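Asks: One structure is given below, represented as structure tokens, and several questions about it will come after.
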Amino acid sequence: MPARDKYHDNFKNALSKDGWTITHDPLRLKWGNKDLYVDLGAEQLLTAEKAGCQIAVEIKSFGGASEMNDIENAVGQYFVYRSVLARTEPNRRLYIAVHDRIFIDIFEEAVGRLIIQDYQIPLIVFDPQMEVILRWIPSKPIVD
């Protein structure tokens, strides 16, 4: 099992407050002989009769020695997980969750905006102290 991110519980609480039910902590993916672990799986139901929206969330604190190395690792991990999810759970959308300071320091800067735009990586921005979701980028998933 992988180590939990520094803000794991804060984000989990924020996601629950936003109306999501945590279904997996972590969400285990298997491809071939490899096991991968996305931090959280969650769903939001529309009605009791109709299935809702499912997401997987990888929480990132970007606490390494180099912000660029952190971005490279996060983007690489995102695409590995997305590829496996597309084949094993195609209805589940993958997000990267970052706290508000990281969003401002990294993803509102030129290189962060470039990565989000070119690769269309969905983000969830949260406040770890208040344990609330601040933004869904591009937008909060809509339950069909």
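Asks: Rank LYS17, LYS6, LYS140 by accessible area, highest first, at a 1.4 Å probe radius? Write out the running numbers ahead of the final one.
Replies: On the way: LYS17 130, LYS6 155, LYS140 70 Å².
Descending accessible area places them as LYS6, LYS17, LYS140.
Asks: What does the accessible area per residue of segment 1-97 come to in Å², with a 1.4 Å probe and no ligands, DNA or RNA counted?
Replies: 55
Asks: While we're here: Taking amide H positions as placed 1.01 Å from N in the peptide plane, with prolines and chain starts having none, which residues 5 or more places from LEU29, or on another chain, fall under 5 Å of its amide H?
Replies: Residues meeting the criterion, in which the H sits 1.01 Å from N, are LEU36, TYR37, VAL38.
Asks: In segment 49-121, carbon and sulfur make up what percent of the accessible area (probe 1.4 Å)?
Replies: Whole-percent figure for carbon plus sulfur exposure: 47.
Asks: Report ARG82's accessible area, 1.4 Å probe, all protein chains in place, as a number in Å² to the nearest 10.
Replies: The value for ARG82 is about 100 Å².
Asks: Indicate the gyration tensor shape class of segment 8-90 (rounded, prolate or oblate), computed on the Cα atoms with a ≥ b ≥ c the square roots of the eigenvalues: a/c under 1.5 is rounded; otherwise a/b larger than b/c is prolate and the rest oblate.
Replies: Working: a/c = 2.48, a/b = 1.37, b/c = 1.82.
It comes out oblate by the Cα gyration axes.
Asks: Moving on. Can you report the principal axis dimensions of the chain using only the alpha carbons, biggest first, rounded to whole angstrom?
Replies: So the extents along the principal axes, rounded to whole Å, are 46, 39, 29.
Asks: Hand me the tally of lysine pairs in segment 13-120: alpha carbons under 29 angstrom apart, and the pair either on different chains or 8 or more positions apart.
Replies: Count of close lysine pairs: 5.
Asks: While we're on this one: Report the semi-axes of the equivalent ellipsoid for segment 100-144 in whole Å, largest first, where each axis is √(5λ) for an eigenvalue λ of the Cα gyration tensor.
Replies: So the equivalent ellipsoid measures 19, 17, 5 Å along its semi-axes.
Asks: Packing-wise, with mean Cβ within 10 Å as the measure, how do 27-35, 68-76 rank, highest first?
Replies: On the way: 27-35: 12.3, 68-76: 13.9.
Averaged packing, sorted descending, gives the order 68-76, 27-35.
Asks: Just from its helices, what would the mean residue ellipticity at 222 nm be for the chain, if runs of 4 or more DSSP H residues each count -39500 (n - 2.57) and the sum is divided by every residue, rounded to the nearest 500 deg cm²/dmol? Mind showing how you got there, number by number?
Replies: Details: 3 runs with 42 residues, N = 144.
After summing the helix terms and dividing by the residues of the chain, the value is -9500 deg cm²/dmol.
Asks: So the label point goes 7 Å from the Cα of GLU72 along Cα→C-beta, right? Which residues of segment 104-126 then have their backbone N under 11 Å from it?
Replies: What the label zone holds, given the 11 Å backbone N cut-off, is no residue at all.
The values are calculated or read from the model by the stated rules, or taken from the named source; none is laboratory data. Predicted, not measured: the structure shown is a model, and the values here were computed from it. Cβ coordinates were reconstructed from backbone atoms using ideal geometry, including for glycine residues, and neighbour counts include every protein chain displayed. Just the protein is used for accessible areas: all its heavy atoms, side chains included, with ligands, DNA and RNA removed. Shrake-Rupley method; radii C 1.70, N 1.55, O 1.52, S 1.80 Å.
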